[in-house]
Amino acid sequence: MVKEGSYAILFFGIGGSCVWAIIQKWKKDKAAVVLGIFMLILTVGIGGWISRKLVLDLIEGPKIVHLTSITMKESFGLSGIISHHYYLCGRDDNDKWKGYQMEVSADEYYELEGKQQLTVLCYPRTERI
């Protein structure tokens with residue numbers, strides 16, 4: 001969740017710098033003001049899009065999810081060893097069989113391998129345990 005939050009803060013910060021530039025150029029250069037307003041709308045829109053799931057999860061709080069049909073997935077990135085990710089996948093039988101894919105650590109990956117059912121406390125939109 002820190003990653004999504006930091007990206008949102010970055011875009012909102014860029015939007016704030018656009019506001020500062022608009023205030024500075026208000027009477028001198030109208031084309032710069034129009035460009036600044038366009039950039040402000042663009043950056044705040046992107047920041048809102050990135051942070052929407054995070055904000056909704058923080059407002060509602062974590063939810064207990066009972067997962068069935070558990071599978072474990074291992075993913076290698078372009079660099080192999082450096083970007084190695086493990087995922088817990090399953091379906092919530094209480095929520096119309098909604099599927100989840102949550103990132104877990106390597107230790108949790110090997111500990112949970114072979115499980116058929118599992119109950120986790122997670123943020124459902126960002127899928128963070």
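The values are calculated or read from the model by the stated rules, or taken from the named source; none is laboratory data. Keep in mind that this is a model prediction, so the values were computed, not measured. Backbone-built Cβ (ideal geometry, glycine too); neighbour counts: all protein chains shown. In case anyone asks, the SASA skips ligands and DNA or RNA and just uses the protein heavy atoms, side chains included. Shrake-Rupley method; radii C 1.70, N 1.55, O 1.52, S 1.80 Å.
Determine if region 56-65 includes at least one residue that is within 30 Å of residue 114 (Cβ to Cβ), outside any helix (DSSP H, G or I), in contact with a Phe, Trp or Tyr (Cβ under 8 Å, 6 or more places away or on another chain) and not basic (Lys, Arg). Yes - at least one qualifying residue is present in region 56-65. Quick one: is residue 27 part of a helix (DSSP H, G or I) and basic (Lys, Arg)? No; evaluated as a whole, the condition is false for this residue. Among the candidates 92, 107, the residue that is surrounded by 13 or more Cβ atoms within 10 Å (Cβ to Cβ) and either of a type outside the set (Lys, Arg) or on the phi > 0 side of the Ramachandran plot (or both) is uniquely 92. Can residue 51 be described as small (Gly, Ala, Ser) and in a strand (DSSP E or B)? No. Against the numbered list (1) open to solvent by 90 Å² or more (accessible area, probe 1.4 Å); (2) farther than 28 Å from residue 8 by Cα, residue 60 comes up short only at (2).
Taking each residue of region 11-39 that is within 28 Å of residue 51 (Cα to Cα) and looking for partners that are open to solvent by 100 Å² or more (accessible area, probe 1.4 Å) and at pLDDT 75 or above with beta-carbon atoms closer than 6 Å, six or more apart or interchain, yields nothing. Within region 80-129, the residues that satisfy the criterion of being among the hydroxyl-bearing types (Ser, Thr, Tyr), modelled with pLDDT of 80 or more and not in a loop (DSSP other than H, G, I, E, B) are 86, 87, 100, 109, 110, 119, 123.
Among the residues examined, residue 49 does not qualify as open to solvent by 80 Å² or more (accessible area, probe 1.4 Å) and on the phi > 0 side of the Ramachandran plot. Cβ separations smaller than 6 Å between residues 6+ apart or across chains give the following pairs from region 97-124 residues that are free of Cβ contacts under 8 Å to residues at least 60 places away in the same chain and within 17 Å of residue 85 (Cβ to Cβ) to residues that are small (Gly, Ala, Ser) and surrounded by 11 or more Cβ atoms within 10 Å (Cβ to Cβ): 100/90.
As for region 2-10, it holds at least one residue that is free of Cβ contacts under 8 Å to residues at least 24 places away in the same chain, closer than 17 Å to residue 104 by Cα and not in a strand (DSSP E or B).
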